[in-house]
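Visitor: First the structure, which I've put down as structure tokens, then a few questions once you've had a look.
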């Protein structure tokens, strides 16, 4: 049991971070605006959580110009995918065992 | 263990977000119901037209003999009939789906909607062109089954980008289309079943399952 709890990744404990990762897992890449609408959060809030995930190297950032505006989009890194899957497995295992 | 509820909720939230971010979930069941009703009306109009034209005899004989000329009144009637069904079905679909998207707090024209439409459109447009080619060759009897087959395939192709259930409708349409290709004379009857009855049943099931219930609490 204790082992499992250790596997629960602290980086994903916040539900916004969990939401960001979930959206990125099933899409090739998601831009900032779409993420903001999906999660229903403010710019600042989203930016700080994405930055945290970027610092952990779970998320990669891509900036490009669309006309004169920059468009920022995100995708998961290999590490991010692996960690997220571990996290999900640990969650499932905990739920299974407590039943 | 009180934590397990928290973990179960997290798993549900992950699932919910994965669905919302990659699939267009606002496709309304009611648009299926109305498209079905319009299709039945269109098929009925076709049937009445055929039976009124005494020179054609029964529908079955007519469709098997296929004396269709490009530009004939009969063909014009078919195009107008099919065009009206398409127009009213699309209008109803856009209306109910927009309404549903507003309720879900989803944009009508987001990435998921674009993906869904693209994956619907490619097989559907291919099918449309193929049917025109069938007409050009004078193979009128194969048009109705071909529309069923291509419609079914486009639903299967699009099912990854909307609610999963639509794939079962797709399989049924393809099956009906294949049966229709074997029994040419019954093409229009099977067309009415596929685009009318099946769409109405599917639409009602989806409506009861996803739209008539009060909305779940928003997670995000």
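Visitor: Can you quote the Å³ per residue value for the convex hull of the Cα atoms in region B:141-186, rounded to an integer? Present the calculation step by step, with values, prior to reporting the outcome.
Guide: Values: hull volume 2.1 nm³, N = 46.
Cα convex hull per residue, to the nearest whole number: 45 Å³.
Visitor: Can you tell me how the protein assembly as shown classifies by the Cα gyration tensor, rounded, prolate or oblate, using a/c under 1.5 as the rounded cut?
Guide: Since a/c reaches 1.5 and a/b is larger than b/c, the shape of the protein assembly as shown is classed as prolate.
Visitor: So how tilted is helix A:15-26 from the main axis of chain A? Cα-based, degrees 0 to 90, rounded to 10.
Guide: 80 degrees
Visitor: Follow-up. For chain B, modelled as a Gaussian network with Cα springs under 10 Å, which listed residue fluctuates most, B:37, B:133, B:184?
Guide: Evaluated over chain B, the most mobile residue of the options is B:133.
Visitor: Let me ask something additional. At residue A:96 and residue B:213, where each label point lies 7 Å from the Cα along Cα→Cβ, what is the point-to-point distance in nanometres?
Guide: For residue A:96 paired with residue B:213, the spin-label model returns 2.6 nm.
Visitor: Let me ask something additional. Going by a ≥ b ≥ c, the root eigenvalues of the Cα gyration tensor, does chain A fall in the rounded group (a/c under 1.5), the prolate group (a/b larger than b/c) or the oblate group?
Guide: Judged from the Cα gyration tensor, chain A comes out prolate (a/c at least 1.5, a/b above b/c).
Visitor: With a cut-off of 8 Å between alpha carbons and a minimum separation of six or more residues, what is the relative contact order of chain A in percent?
Guide: Reported as a whole number, the value is 35 percent.
Visitor: Now for a separate question. Relative to the longest principal axis of the C-alpha atoms of chain A, give the angle of the C-alpha long axis of helix A:43-55, reported between 0 and 90° and rounded to the nearest 10°.
Guide: 60 degrees
Visitor: Note down the nm distance, to one decimal, between modelled labels 7 Å out along Cα→Cβ at residue A:37 and at residue B:75.
Guide: Modelled inter-label distance: 4.4 nm.
Visitor: How would you classify region B:29-211 from its alpha-carbon gyration tensor, with a ≥ b ≥ c the square roots of the eigenvalues: rounded for a/c under 1.5, else prolate if a/b is greater than b/c, otherwise oblate?
Guide: Since a/c reaches 1.5 and a/b is larger than b/c, the shape of region B:29-211 is classed as prolate.
Visitor: Hey, another quick one. Residues in region B:145-177 near a label at residue A:28, defined as backbone nitrogen under 20 Å from the 7 Å Cα→Cβ point?
Guide: B:157-162
Visitor: If you don't mind, there's one more thing I want to ask. Fully extended, how many nm does the chain gain between residue B:111 and residue B:197 (0.36 nm per residue separation, minus their Cα-Cα distance)?
Guide: Once the chain is fully extended between residue B:111 and residue B:197, it gains 27.9 nm.
Visitor: Take residue B:132 and residue A:82, extend 7 Å from each Cα along the Cα→Cβ direction, and tell me the distance between the two endpoints in nm.
Guide: Once both label points are built, they end up 5.3 nm from each other.
Visitor: So, in Å, what gap is there between the alpha-carbon centers of region B:91-112 and region A:9-39?
Guide: 23 Å
Bear in mind that the values in this text are calculations on the coordinates, not laboratory data. From a predicted model like this one, the values you see are computed outputs, not experimental measurements. Don't worry about glycine lacking a Cβ; one is built from the backbone with ideal geometry, like all the others, and counts go over all protein chains shown.
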